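The values are calculated or read from the model by the stated rules, or taken from the named source; none is laboratory data. Bear in mind the structure is a predicted one, so any value in this text is a computation, not a measurement. Neighbour counts run over all protein chains shown; Cβ positions are idealised from the backbone, glycine included. For accessibility, only protein heavy atoms count, side chains too; no ligands or nucleic acids. Shrake-Rupley method; radii C 1.70, N 1.55, O 1.52, S 1.80 Å.
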Amino acid sequence: MPPSYALERLLSGGGAKLVAGIDEVGRGAWAGPVAVCAVVTDLSEPPAGLTDSKMLSRARREAMVGEITAWAAGIGYGEASHEEIDALGMTEALRRAARRALAGLPVRPDAVILDGKHDYLGAPWPVRCEVKADLSCVSVAAASVVAKVRRDAYMASLGCEEYGFASNAGYPSPVHQRALAEHGPTEHHRLSWSYLDKLPRWRHLRVHRQAGGEQLGLFG
């Protein structure tokens, strides 16, 4: 079943005139930022075939971004860097990226739909969490596609061919894991993550967050 406007209309019926759908990508990657996209619509017919980005081929996702851009009433995109993830943890990094995405919208939404069951955004935003919203909710599905395509393009632009960022976007593919074992982390890697504990040659690079303050990584 394709995504629908059921949730957007439910929130609109409760007084939220403008609803933003939000999705993130990069949470489980070992390198690069976490990215968040926010999309608002006028409840018009979405691009044909719109669904969760994971259900689409790379070529279809990339083509659909143009369709989403032409159709959506507003798109905002935000990132939190690997340094912020190391210093602040993933929840706070997601919160910062989401707030940057919402700040990039042309208008302020009255309510936000988050994919998943954890509200990482918080006050002052009225938030509705919905598991698998990227499959069931039009605005969240659109956000998932834009977030995935934009972050993938950024990761490919970093080079690091031996790590395979152009194909794995910083996630732990076999190519990525082999390169890490041989060459160690790049300046784009998250150094607070436990994968370093399993790499004897490089585990000394692991950084740990300090309560009440930021822990800087090896690369500043």
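One table, with the values for the structure above:
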| quantity | calculated |
| --- | --- |
| Meets criteria (open to solvent by 10 Å² or more (accessible area, probe 1.4 Å), hydroxyl-bearing (Ser, Thr, Tyr) and either more than 30 Å from PRO47 (Cβ to Cβ) or touching a residue at least 24 places away in the same chain (Cβ under 8 Å) (or both)) for SER173 | no |
| Scope segment 113-167; condition buried (at least 24 other Cβ atoms within 10 Å of the Cβ), more than 19 Å from LEU56 (Cβ to Cβ) and more than 12 Å from the chain's Cα centre (by Cα); matching residues | ILE113, TYR163, PHE165 |
| Residue satisfying all of: in segment 49-65; small (Gly, Ala, Ser) and assigned to a helix (DSSP H, G or I); nearest to ALA143 (Cα to Cα) among these | SER53 |
| Selected residue [over 19 Å from ARG150 (Cα atoms), open to solvent by 40 Å² or more (accessible area, probe 1.4 Å), among the β-branched types (Val, Ile, Thr) and not in a loop (DSSP other than H, G, I, E, B)] from THR91, THR69 | THR91 |
| Verdict on ARG108 being surrounded by fewer than 20 Cβ atoms within 10 Å (Cβ to Cβ), touching a residue at least 60 places away in the same chain (Cβ under 8 Å), basic (Lys, Arg) and not in a helix (DSSP H, G or I) | yes |
| Flag for ARG190 being at pLDDT 95 or above, open to solvent by 30 Å² or more (accessible area, probe 1.4 Å) and basic (Lys, Arg) | no |
| Meets criteria (modelled with pLDDT of 95 or more and basic (Lys, Arg)) for ARG206 | no |
| Any chance VAL207 is in a helix (DSSP H, G or I) and either farther than 17 Å from ASP86 by Cβ or in contact (Cβ under 8 Å) with a residue 24 or more places away in the chain (or both) | no |
| Yes/no for ARG61 being open to solvent by 20 Å² or more (accessible area, probe 1.4 Å), touching a residue at least 24 places away in the same chain (Cβ under 8 Å) and within 30 Å of SER192 (Cβ to Cβ) | yes |
| Residue selected from segment 115-170 under the condition free of Cβ contacts under 8 Å to residues at least 24 places away in the same chain and touching a helix residue (DSSP H, G or I) at 6+ places or on another chain (Cβ under 6 Å), by the criterion farthest from GLY32 (Cα to Cα) | GLU162 |
| Those residues of segment 72-87 which are open to solvent by 40 Å² or more (accessible area, probe 1.4 Å) and of a type in the set (D, E, K, R), in sequence order | GLU79, GLU83 |
| Residue count, segment 176-187 (criterion: of a type outside the set (Val, Ile, Thr) and either buried (at least 21 other Cβ atoms within 10 Å of the Cβ) or within 17 Å of ASP86 (Cβ to Cβ) (or both)) | 5 |
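One line per residue, one yes/no per condition, for (1) surrounded by fewer than 18 Cβ atoms within 10 Å (Cβ to Cβ); (2) touching a Gly at 6+ places or on another chain (Cβ under 7 Å):
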{"site": "ALA20", "(1), (2)": "no, no"}
{"site": "ALA29", "(1), (2)": "no, yes"}
{"site": "THR41", "(1), (2)": "no, no"}
{"site": "GLU45", "(1), (2)": "yes, no"}
{"site": "ALA48", "(1), (2)": "yes, no"}
{"site": "SER57", "(1), (2)": "yes, no"}
